[in-house]
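Just below is one structure, and these are the notes that go with it.
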Amino acid sequence: MKVTLICVGKIKEKYFTDGIDEYKKRLSKFCTFNIEAVADEKTPENAPESINTKIKETEGKRILSVLNKVRTGDTYVYALAIKGREYTSEEFSAELSRLFTVGKSHIIFIIGGSLGLSDEVLSACDGKLSFSKFTFPHQLMRLIFTEQLYRAFKIMNNEPYHK
């Protein structure tokens, strides 16, 4: 089983990288987990929507470039998006298990930059996943995602942790 997270930007805060690194280490027991980060664009304060759209499109092209390199026929791709489907931790675990069972041995998740994902990236995904109706900083979302992925594998393997 292989899981790839494609995301935008670098994480500057050590406490985020430390947390993500800890869950990456824990995940190695269950899957091959890779993070592919692409460069983000500077977002001007109070930029008009046309500039924001252009920024999302630029970041989207970078995301799609990575996606096209790592995507294979046995891949399922999720965009993390506010308008995506919400799962409980148990439902998320069951969904991952279902995908692995039907032959999707590589699952890719995409987290956009501070403005979200371009329409082109959203169209390239098989599904949309929401962790909450709240908006999270994308650096924090990486940590939340890696923890929930670890939790999903623990649930999938009937191991204690999630309660």
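The values are calculated or read from the model by the stated rules, or taken from the named source; none is laboratory data. Values in this document were obtained by computation on a predicted structure and should not be read as measured data. Positions of Cβ are backbone-derived with ideal geometry, glycine not excepted, and every protein chain shown enters the neighbour counts. In case anyone asks, the SASA skips ligands and DNA or RNA and just uses the protein heavy atoms, side chains included. Shrake-Rupley method; radii C 1.70, N 1.55, O 1.52, S 1.80 Å.
Checking the structure you have, find out if any residue of the range 15-34 is hydroxyl-bearing (Ser, Thr, Tyr), in a loop (DSSP other than H, G, I, E, B) and open to solvent by less than 70 Å² (accessible area, probe 1.4 Å). No, there is no match, as no residue in the range 15-34 is hydroxyl-bearing (Ser, Thr, Tyr), in a loop (DSSP other than H, G, I, E, B) and open to solvent by less than 70 Å² (accessible area, probe 1.4 Å). When the range 35-48 is examined, which residues are found to be surrounded by fewer than 14 Cβ atoms within 10 Å (Cβ to Cβ) and at pLDDT 95 or above? Of everything in the range 35-48, just one residue is surrounded by fewer than 14 Cβ atoms within 10 Å (Cβ to Cβ) and at pLDDT 95 or above, namely 39. For residue 141, the criteria (1) open to solvent by 80 Å² or more (accessible area, probe 1.4 Å); (2) under 14 Å from the mean Cα position of the chain (by Cα); (3) under 25 Å from residue 10 (Cα atoms) hold in every case but one, which is (1). The condition of being over 23 Å from residue 154 (Cα atoms) and basic (Lys, Arg) holds for residue 10. Taking the criterion of being of a type outside the set (D, E, K, R) and in a loop (DSSP other than H, G, I, E, B), the residues of the range 109-137 that qualify are 112, 114, 115, 117, 118, 125, 131, 132, 134, 135, 136, 137.
If you check 67, 96 for being in contact with a strand residue (DSSP E or B) (Cβ under 8 Å, 6 or more places away or on another chain), within 22 Å of residue 132 (Cβ to Cβ) and at pLDDT 95 or above, only one passes: 96. Within the range 66-76, the set of residues being touching a residue at least 24 places away in the same chain (Cβ under 8 Å) and either assigned to a loop (DSSP other than H, G, I, E, B) or not polar (S, T, N, Q) (or both) comprises 66, 67, 70, 71, 72, 74, 76. Considering only residues in the range 124-163 that are modelled with pLDDT under 90 and either touching a Lys or Arg at 6+ places or on another chain (Cβ under 7 Å) or among the aliphatic types (A, V, I, L, M) (or both), the one that is farthest from residue 83 (Cα to Cα) turns out to be 161. Hey, any hits in the range 147-157 for a residue that's in a strand (DSSP E or B) and surrounded by fewer than 18 Cβ atoms within 10 Å (Cβ to Cβ)? No, that holds for no residue.
Scanning the range 31-68 for residues being farther than 25 Å from residue 148 by Cβ and touching a Gly at 6+ places or on another chain (Cβ under 6 Å) gives a total of 0. Output yes when any residue across the range 95-105 is within 22 Å of residue 139 (Cβ to Cβ) and either open to solvent by 80 Å² or more (accessible area, probe 1.4 Å) or not small (Gly, Ala, Ser) (or both), and no when none is. No: the range 95-105 contains no residue that is within 22 Å of residue 139 (Cβ to Cβ) and either open to solvent by 80 Å² or more (accessible area, probe 1.4 Å) or not small (Gly, Ala, Ser) (or both).
Taken together, 51, 63, 55 contain a single residue that is assigned to a helix (DSSP H, G or I), among the aliphatic types (A, V, I, L, M) and surrounded by fewer than 16 Cβ atoms within 10 Å (Cβ to Cβ), which is 51.
Inspection of the range 77-87 identifies at least one residue that is in contact (Cβ under 8 Å) with a residue 24 or more places away in the chain, under 15 Å from the mean Cα position of the chain (by Cα) and closer than 22 Å to residue 157 by Cβ.
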